[in-house]
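J.: First the structure, which I've put down as structure tokens, then a few questions once you've had a look.
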Amino acid sequence: MGANVVSSVSNRRRIMQYVLIGVYLCLTVAGLVFMKLGGNPGSLEVKDGTVTLGMSIISGIGFICYLCSFLLFTRVVIMFDLSYIYPIVTGIVQILTLVASALVFKENMSAQSIIGAIIIIVGIIIMNFKKA
């Protein structure tokens, strides 16, 4: 009975790790999309000892999403080996950004970008092969 409890806790922990990665990926891509949709790089001004940050609401939402994704990524990095997780999540972010830019902004996906995405996917698959 004790082994089942340990296995159940381990499974829940593993599921939570993948949920955090999924949330990180969504926040990162959403942050990039909203910042571009807002079309405002923002302004930082210091006047009379007061710091003001000005940007559109849409860009602000993107900034908050991206900031939250960074904070979440610091947690994800702790859970996995850095040499394993960083290439995988950055590759997935690149592919999701490519797809989001085509869907949201109607940007063209060239043959080179599609080939590049395929190479990234193949790389992620190769990284996940178990060593014999």
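J.: Taking only DSSP H segments of four or more residues, each worth -39500 (n - 2.57), what value at 222 nm results for the chain once the sum is divided by all its residues, to the nearest 500 deg cm²/dmol?
T.: -27000 deg cm²/dmol
J.: Scan the chain and hand back the longest stretch that contains none of the chymotrypsin sites (Phe, Trp or Tyr not before Pro) lying in DSSP loops with at most 15 other Cβ atoms within 10 Å. Walk me through the intermediate numbers first.
T.: On the way: sites that count: 80, 105, 129.
That would be 1-79.
J.: Check residue 80: other-chain or 5+ apart residues with amide H under 5 Å from its amide H, H built from backbone geometry?
T.: none
J.: So, one more: Give me the distance between the Cα centres of region 6-58 and region 76-129, rounded to whole Å.
T.: Here the answer is 18 Å between Cα centres.
J.: Next up: So if a site counts as exposed when it's one of the trypsin sites (Lys or Arg not before Pro), its DSSP state isn't H, G, I, E or B, and it has at most 13 other Cβ atoms within 10 Å, what's the longest stretch of the chain without one?
T.: 1-105
J.: Still on this structure, please answer the following. Give me the distance in nm between label points sitting 7 Å out from Cα along the Cα-to-Cβ direction at residue 114 and residue 9, one decimal.
T.: 5.0
J.: Further question: Between (1) 1.36; (2) 1.17; (3) 1.03, which entry matches Cα Rg over 2.2 N^0.38 Å as derived from the coordinates of this structure?
T.: Computed from the coordinates, Cα Rg over 2.2 N^0.38 Å corresponds to (1).
J.: May I pose another question? Pairs of Cα atoms under 8 Å, at least six residues apart: use those to get the relative contact order of the chain, whole percent. Display every interim value, and only then the final one.
T.: Details: 105 pairs, mean separation 31.5, N = 132.
Value for the chain: 24 percent.
Where a number appears in this text, it was derived from the coordinates with a stated rule and is not lab data. Since we're looking at a predicted model, the values are computed, not measured. Because the Cβ atoms are built from the backbone with ideal geometry, glycine has one as well, and the counts that use them run over all protein chains shown.
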